[in-house]
Amino acid sequence: MTQFFGDIAPLNYDPQSDGLAFRHYNPDAMVAGKRMEDHLRFAVAYWHSFAWPGGDPFGGQTFARPWMDDTMAGARLKADVAFEMFELLNAPYFCFHDADIRPEGASFAESRRNFEEIIDIFEAKMATSKTRLLWGTANLFSNRRFMSGAATNPDPDIYAWSAATVKLCLDATHRLGGENYVLWGGREGYETLLNTDLSQELDHMGRFLAKVVDYKHKIGFKGAILVEPKPQEPTKHQYDYDVATVYGNLKRFGLEGEVQMNIEQGHAILAGHSFEHEIAMAASLGIFGSIDMNRNDYQSGWDTDQFPNNVPEVALAYYEILKAGGFTTGGTNFDAKLRRQSLDPVDLIAAHAGAMDVCARGLKAAAAMLEDGSLEAARAERYAGWQTPAAKAMLDADLATIAARVEAEGLDPQPVSGRQEILENIVNRFV
Ligand code: XLS
Ligand code: NI
Ligand code: NI
């Protein structure tokens, strides 16, 4: 075991603590008939926590981590420190990209060997750790070869490289018992139509995804394949804009029964939606899978990936998740990074502990709102008119029949209050 975190002790549930502890996250506490840990299914994101150096557009690395040297020795140390942190946090899951865990080699084969050596280390560590793999994924966006996309790249060799990379990462995810495999579109989009064949790129992207699904079945991977929507950034126009757009793409390739959504708070905000809207949309379309929990800055217009700290927002997200029946293979992945001035190991622990507490409070509030039932009762009341046989019959009637009824019955519908403020006041009692 490494000692990166010095004398920081494993965190416990201790509501009275004035130090590092969980004040709200109590893994064994029962919420709506299930242990809190089993509801939330927290995952630590390897990339932001251990691979991100703290840069921004105006300055480079701020985090002086001893493993950030692009060597295999550094990658092994990073794996040790990661599992040390998982243990301190009692984390049930983690997530990774290939590029987070290994240095890039001089060839595909060397990168693959580097990767597989670290996967061996993960496998050995997971044999004695409680931490399991929520999902694996491939980084098909950082290296300059992916500057024009991966599956949508105009260069067929990059398409091939991407396919080989996804195969490698899916194999590793399967081997580690991962519960999902994620595809975030990275640079699958474009900057200008002047150099882009949009139809061809969309076609390639859809067929690529179909190959991934096909390969999953071939190797017997039982986890879910998840797509993570994002509207822009890095490219100006990302093809997987939001849940509804991805659903349209899935339908086109007959994949709507095979692929679910990994929904990220910050991406929902960039798309001009709320997090809960995206979750509810996915649930309604039958494609809800998992979440990347973070918080975007509402002024910056950039995917700032901050740790969540807004309980009312988080509560509304878990409210929709609970209404959808909760997670099955999915979970709450912290796709969140420290601010670049938060240099110390303790900052990483405090960020996760605080975020887990915020989520626990949100979950408890969501469960209490559901149990209270006022919101659902008000919604049912609002749609009560549709319970009458005449209203139900209208759904199958043609326009002319409906029009005739409007005059025959002398309909005179009156507007009814939507009661938004009253409903918001109800939410406010719980958060
Ligand atoms: C980037 C994405 C990325 C995915 C995994 O914006 O959120 O981190 O979650 O590739
Ligand atoms: Ni994400
Ligand atoms: Ni993101």
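Odds and ends about this structure:
- Applying a threshold of 6 Å to beta carbon distances and a minimum spacing of six or more residues, or different chains, the list of pairs starting in the range 90-110 at a residue that is modelled with pLDDT of 95 or more and ending at one that is open to solvent by 20 Å² or more (accessible area, probe 1.4 Å) and of a type in the set (A, V, I, L, M, F, W, C) reads H97/W47; D100/W47; D100/A51.
- Of all residue pairs spaced 6 or more apart or on separate chains, none has beta-carbon atoms under 8 Å together with a first member in the range 45-61 that is among the charged types (D, E, K, R) and a second member that is within 11 Å of ligand 1 (Cβ to nearest atom).
- Checklist (1) part of a loop (DSSP other than H, G, I, E, B); (2) away from ligand 1 (no atom under 13 Å from the Cβ) applied to G186, failing item: (2)
- Residue in the range 278-289 that is open to solvent by less than 30 Å² (accessible area, probe 1.4 Å), within 16 Å of ligand 1 (Cβ to nearest atom) and farther than 30 Å from H217 by Cβ present: no
- Scope the range 251-267; condition closer than 29 Å to N309 by Cβ and away from ligand 1 (no atom under 11 Å from the Cβ); matching residues: Q260, M261
- Qualifying residue in the range 380-401 (condition: buried (at least 16 other Cβ atoms within 10 Å of the Cβ) and at pLDDT 95 or above): no
- Scope the range 100-123; condition aliphatic (A, V, I, L, M), in a helix (DSSP H, G or I) and open to solvent by 10 Å² or more (accessible area, probe 1.4 Å); matching residues: A109, I121
- Here V346, V314 are screened, and the one residue that is in contact with a Pro (Cβ under 7 Å, 6 or more places away or on another chain), in contact (Cβ under 8 Å) with a residue 40 or more places away in the chain and more than 16 Å from ligand 1 (Cβ to nearest atom) is V314.
- Qualifying positions in the range 131-167 - in contact with a strand residue (DSSP E or B) (Cβ under 7 Å, 6 or more places away or on another chain) and surrounded by fewer than 19 Cβ atoms within 10 Å (Cβ to Cβ): R132
- Candidate set: the range 324-341, residues that are surrounded by fewer than 16 Cβ atoms within 10 Å (Cβ to Cβ) and either acidic (D, E) or over 18 Å from the mean Cα position of the chain (by Cα) (or both); chosen: the one farthest from ligand 1 (Cβ to nearest atom): Q341
- When the range 239-250 is filtered for residues that are of a type in the set (F, W, Y) and either open to solvent by 40 Å² or more (accessible area, probe 1.4 Å) or away from ligand 1 (no atom under 16 Å from the Cβ) (or both), the ones remaining, listed by number, are Y241, Y247.
- Among the residues of the range 27-47, the ones that are open to solvent by less than 20 Å² (accessible area, probe 1.4 Å) and within 16 Å of ligand 3 (Cβ to nearest atom) come to 4 in all.
- Counting only residues that are open to solvent by 20 Å² or more (accessible area, probe 1.4 Å) and either of a type in the set (D, E) or within 16 Å of ligand 1 (Cβ to nearest atom) (or both), the range 210-238 holds 6 of them.
- Restricting the range 84-99 to residues that are part of a helix (DSSP H, G or I), open to solvent by 10 Å² or more (accessible area, probe 1.4 Å) and touching a helix residue (DSSP H, G or I) at 6+ places or on another chain (Cβ under 8 Å), the residue that is farthest from L176 (Cα to Cα) is L88.
- Within the range 168-187, the set of residues being without any contact (Cβ under 8 Å) to a residue 60 or more places away in the chain, open to solvent by 20 Å² or more (accessible area, probe 1.4 Å) and in contact with a Ser or Thr (Cβ under 8 Å, 6 or more places away or on another chain) comprises L183, R187.
- Test: residue in the range 290-309 that is within 30 Å of R35 (Cβ to Cβ), surrounded by fewer than 23 Cβ atoms within 10 Å (Cβ to Cβ) and more than 16 Å from ligand 1 (Cβ to nearest atom): yes
- The set of residues in the range 227-245 being over 20 Å from N139 (Cβ atoms), within 16 Å of ligand 2 (Cβ to nearest atom) and outside any loop (DSSP other than H, G, I, E, B) consists of V243 alone.
- Complete set of residues in the range 203-230 that are within 16 Å of ligand 3 (Cβ to nearest atom) and not aliphatic (A, V, I, L, M): E228, P229, K230
The values are calculated or read from the model by the stated rules, or taken from the named source; none is laboratory data. For clarity, every value in this text was computed on a predicted model and none was experimentally measured. Reconstructed Cβ throughout: ideal geometry from the backbone, glycine too, with neighbour counts over all protein chains shown. Side chains included, ligands, DNA and RNA excluded: accessible areas come from the protein's heavy atoms. Shrake-Rupley method; radii C 1.70, N 1.55, O 1.52, S 1.80 Å.
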